[in-house]
Every structure is written in C-alpha cells, then in structure tokens.
Amino acid sequence: MKIFFTNETKKLDQYTIENEPIKSIDLMERAASAVTFEIISRWKRNTPVVVFAGPGNNGGDALAVSRMLIEEGYTLNIFLFNPFQRLSQDCLKNRDRLQAMEEIEFSRSVRNSTTGNAKSAHSGSTFTEIINEFIPPTLTKRMLVIDGLFGSGLNKPLSGGFSSVVQYINSSDATVVSIDLPSGLFGEDNTENIPRNIIQADLTITFQYPKLAFMFAENEQFTGEWKIADIGIHPDIIEQTDTKYYYIEPAEAAHMIMRRSRFVSKHNVGHALLIAGSKGMMGAAVLAARAILHTGAGLVSVKSAACGETVLQTAVPEALFIADCQNSHISDMTLTRTYSAIGVGPGLGRHEETARAFYKLLEQIKRPVVLDADALNLLAEQPKLIETLPKNSILTPHHLEFDRLFGKSDTSCERLSKAKEMAIRYHIIIVLKGANTAIVSPKGDVLFNSSGNAGMATAGSGDALTGVITGLLAQGYHPIPAAILGVFLHGMAGDLAAEKDSQEYITAGDIISQIGNAYKKLHNYKG
C-alpha cells in the first residue's frame, strides 16, 4: 500500500471526482459512512456524543457523520466553529442538511446572545454554530468526542481559540475519535509543531492510506489506535502517483514467497553461516540458528566460542557447530568455504579479539551480509568500514544502535530521513526496528511493516529476526524482498504467538515457534 504526503490528498480526491465520476459531496458522504460504521460498531447508542467540527472539509466530514449517527439513534451535541463565517462548500452543504433535520435543535452562538430555531420534534440532539463565543460543554468520562476540527490540509501549528479548544478536549476524560488526522497534527514532520495544541485521540480513523506521521513513536500519544477506512479513491490515480513510502500488507508479503520444487534438496535451499554467541550470550546464537532453520534454510553452521558447543548442539541439534579456538569468545572469523548467506552479531560480544576478527571478516565477504547487535556496535567503532560492505548488505539496528552508527537523532522523523540518506550513500538496506519497522532500500524507498505487536519487545526478538532474514537470504531471496518478507513474517509470527497466549507472555522462542503458522497464513493470502 502506498503512503502519500498529505499535500497529495486534494489531487487524489479530485481525480476520483472527475474520473469515477462522483460529486465531491458524495465522496464526503462515502467517507462519513465509513467513519460512522466504525463508531456504531464500537459504541452503543446510549453513548453521549459531542462533535467538534471545523470550517473546512474535515468539519464537513464530522457534520455528515453527525447526521448519520442521529439517524442511527444517537444523541449528539454538535459544535461547528465558523469564526470567519466562511465554510468550505461541502461543509456548508452538510451544515444545511443538519439544519433541515427534524430531530435536531439548531442555534448560532454569538457574543452575548444565542439565536436559533428549535424544532418541535427535538430528540435531545443540539447543533450550535460558533461565530464568536464558545461556551464549552461539560465533557465526562462516559462521553465520546468526535474530532473534526482540522484534517490533512493543516500546515502550521494551531493557535488562538482553536488551540484552546484542543487543550480543553485533551484535559477531559472523554474518549476521542479523530477523523483522518488528529486536529493539529501534521501528516509528516512534526518537529516544528506544538504538542500541547494537538488532539490526543484514542482512535484515529484515517482515509484510504496511513499517514507518514503515524509511523513515528512520538506521535502515538496523538493518534492512539489508528484504522484505515477505504473510501474508494480511484485506483488509477493511486497507481500513477509516485511515492517513496509504502505500508506492507499481508497479500504483498505473501506474493514475495518463492515456490519450492518438489524435488528440492537441503543443498538447493541454502547453507547459512551464523557467527554469533559468546560466554553468557549463547542464547542469542541458539535463537538465531533456530530461526534460520525454521525459516526454511537447508543447512546452518554456527561459528561460536568453544564454550557454546554443548549448549548449541543440544538446543539446535540440526545445526553444525564450528568451535573457535577461544573458549569464551570468537577470535577468528576466517571463511574457509562459500556460504549462501552470512549473519553476524547476536550475542557476539565486543572482545578486542572478536573486534579484530570481525574487521578482517569484512575484508573477505563479497556478497550481502546480515549485521545485527554487536556486529553493529563494532561497526560503529570503525564507521569508515561501512563503505566496504557489499552492496545490499542488511543492517538491522534498533534506534540506539542506529544512533551509534550514524549519529544521534532528536526525532523518529529525523532518524528515518538519516536512514534514507545512509542507505543511498552506502547502497545498503537498513531495517530500522520498531513498532512499524522501516525497511529502507538503497534507492531511498521506505517500506513500513504492518505486522507485529508490543509483546515482541522482549529479549531475543531481534536475534530471531536476524535468523529469519539470514534464512531467507540463504534460500536465494534477493536482499530487499528477504528484508521485507523477513520483517513481516517475524511480525506475523509474533502476532500469532500473542493470539495464542498474550503479548505479555510471549518470548522470542514463542515467536520462532509460530514461523510455520505465519507461513501457512501468508500462503492463504496467495490464493
């Protein structure tokens, strides 16, 4: 799925309006229907609803949702903010549609007076158009607030009266649902934004595609849970519009899986070398080796400290073991044969002999390698060696490891921008681990992962991911699909593990044990 910048939204909408064809008010109606459906599927009809609508099309969406909810039997208090008495065309149409309803009492709030025309069939819903005086309603914990003040068109921080409204909503205990974007949040970079003037939603129902800002950890406080509502943007304009950002869904990952010949042998599906482990850290090597095998590699050899031989061959009897001459750490990484793929780093340690061996290894390798954990930390001590990495090598840092390698970043957006720059400069693939792990290609494309859950923040989860990606590389996958599919498969296995037990319960071993079921689930998406 493509992710577009919010400045593309009008173009996408306009093409749909002209080529479906559909009237803009009807496209808004379709969007409002999707939001309404989500609300009625989650909240009972006796839930008091308060709506805050702005003067633009986001406000028009909110007013259309309000009308539909009233028709479904909800009681609403609706506030339309129109301080400049200038509504967008479709917002105006939806205001008029609401005013025409028999079930609602309409009034205008102006300084020192309120004018209106109450209906005799008034059911309890009210609609107030705010011109220059706003008396805030009391917001309680049992209320649902619908935020439709501002959407994707916003390009500067909220201020004045609107920032006061946002702060008032945030200070309440009400549950907040934002339409498309939490009001005040920019769709991409929020470095120059003012956090206190951004709605803190519990749920954001966004249209057609996720926004880039949703991928950054610091914005979770604003978006809460987010869900995509398909509003039928014309597929041709989605196809024609270029982007550097993507959100990987199950069907896309499924189509990356290579078919196995019935006559395949273990030698046909790759021999991986895993260089990992040291005294006290053999568990990392065990997890990575298990993940390589369960991902489908035919053979795996584990080069490790001699002390790990019994541990490794007991825990992973299918693996071959190459003992180092040193008992507690690896001192020699000399390659004596050719391997289909090499993974380096889990539990490696940073002994000075290990460091020297690692730097010599980088001089030997000629094909893409997977580097994780202490391999990244050792690389950070000699950053010029990044230039020597084979093209399409895969680095899998979490944010601290990334910052050690490439310098500290103050925000997730800045870190992602730097990852793009580094991936292009060194022609490498960076797997920036997190809630929506970003796979950054050497061309600067960014693919965000949609699988996985918070329970995967557990010791050894990254070692398992190293194993999965190395296992795919060993089978002959190109490095970019190996990274994309590996991240997705790893995340889906984590989801299945959490579904079986709970997010709090799962360990890295549980994730690995679900790789087979993750494959089965992805095969179903292929049809």
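Some points to look at:
- Between Phe52, Ile40, Ala62, the Cα set farthest toward the positive side of the dipole of the range 1-157 (charges on each charged residue's Cβ, about the Cα centre) is that of Phe52.
- Residues of the range 186-200 with amide N under 19 Å of a point placed 7 Å along Cα→Cβ from Lys11: 187-189
- In order along the range 223-237, the phi-based Karplus estimate (6.51 cos²θ - 1.76 cosθ + 1.60, θ = phi - 60°) of 3J(HN,Hα) comes to 7, x, 5, 10, 9, 8, 10, 6, 10, x, 4, 4, x, 5, 6 Hz; Gly and Pro are listed as x.
- Exposure of Glu381 as accessible area (Å², to 10), given a probe of 1.4 Å and all protein chains: 100 Å²
- Length-normalised contact order for the range 172-233 - Cα pairs under 8 Å, 6+ apart - percent: 36 percent
- Ordered from longest to shortest, the equivalent ellipsoid semi-axes for the chain are 53, 22, 20 Å, each the square root of 5 times a Cα gyration tensor eigenvalue.
- Cα-based helix-to-principal-axis angle, 412-426 vs the chain, degrees rounded to 10: 40 degrees
- Calculated diffusion of the range 459-527, Stokes-Einstein form, Kirkwood radius summed over Cα pairs, 37 °C and 0.692 mPa s, µm²/s: 271 µm²/s
- Accessible area of the range 368-527 belonging to carbon and sulfur atoms, whole % at 1.4 Å probe: 50 percent
- In sequence order, the range 156-163 has phi-based couplings of 8, x, 5, 8, x, x, 5, 5 Hz under the Karplus curve 6.51 cos²θ - 1.76 cosθ + 1.60, θ = phi - 60°, and Gly or Pro positions carry x.
- The fraction of accessible area contributed by carbon and sulfur in the range 144-246 is 45 percent, rounded to a whole number (1.4 Å probe; ligands and nucleic acids excluded).
- Averaging 1/r over every pair of different alpha carbons in the range 368-527 and inverting the result gives a Kirkwood radius of 15.8 Å.
- With Cα atoms, 0 to 90° folded angle of helix 352-364 axis to the chain main axis: 90 degrees
- Accessible heavy-atom area order of Ser331, Ser164, highest first, probe of 1.4 Å: Ser164, Ser331
- DSSP-defined antiparallel bridges as percent of all bridges, the chain, nearest 5: 20 percent
- With the convex hull drawn over the C-alpha atoms of the range 284-425, the volume per residue is 115 Å³.
- Radius of gyration over Kirkwood radius for the range 247-355, both on Cα atoms: the Rg/Rh ratio is 1.05.
- Taking θ as phi - 60° and the Karplus parameters 6.51, -1.76 and 1.60, the scalar couplings of the range 129-135 work out to 9, 8, 9, 8, 9, 10, 9 Hz in sequence order, x denoting glycine and proline.
- In a simple Cβ point-charge model (Lys, Arg +1; Asp, Glu -1; nothing else charged), the chain has a dipole of about 920 debye relative to its Cα centre.
- Computed accessible area, Tyr505, all protein chains, 1.4 angstrom probe, square angstrom: 140 Å²
- For the chain, the longest principal axis of the alpha carbon atoms and the long axis of helix 24-40 meet at an angle near 70°.
- For the range 416-460: relative contact order, % (alpha-carbon pairs under 8 angstrom, 6 or more apart): 30 percent
- Annotation: amide H-H contacts under 5 Å for Ile342 (H modelled 1.01 Å from N, sequence separation of 5 or more, or interchain): Leu273, Val370.
- Computed over protein heavy atoms with a 1.4 angstrom probe, the accessible surface ordering of Asp61, Asp202, largest first, is Asp202, Asp61.
- Measure of compaction for the range 347-427 (Cα Rg per 2.2 N^0.38 Å): 1.07
- Solvent-accessible surface ranking, highest first, for Asp403, Asp26 at 1.4 angstrom: Asp26, Asp403
- Taking a ≥ b ≥ c as the square roots of the eigenvalues of the alpha-carbon gyration tensor, the range 177-310 is classed oblate because a/c is 1.5 or more while a/b is no larger than b/c.
- If R0 is 35 Å, the Cβ-Cβ spacing of Glu20 and Glu387 corresponds to a FRET efficiency of close to 0.10.
- Part-to-part distance (alpha-carbon centres) for the range 1-78 and the range 135-210, which is given in Å: 15 Å
- Using a probe of 1.4 angstrom and keeping all protein chains present, the accessible surface of the chain works out to 43 square angstrom per residue.
- In Å², nearest 10: area of Lys2 left accessible to a 1.4 Å probe: 40 Å²
- With contacts taken as Cα pairs under 8 Å and at least 6 residues apart, the chain reaches a relative contact order of 12 percent.
- Whole-percent carbon and sulfur share, accessible surface of the range 327-367, 1.4 Å: 42 percent
The values are calculated or read from the model by the stated rules, or taken from the named source; none is laboratory data. Here the structure is a predicted model, which means the values were calculated and not measured. In this analysis, Cβ positions are derived from the backbone assuming ideal geometry, glycine residues included, and neighbour counts consider all displayed protein chains. Just so you know, the surface numbers come from the protein's heavy atoms only, side chains and all, with ligands and any DNA or RNA stripped out. Shrake-Rupley method; radii C 1.70, N 1.55, O 1.52, S 1.80 Å.
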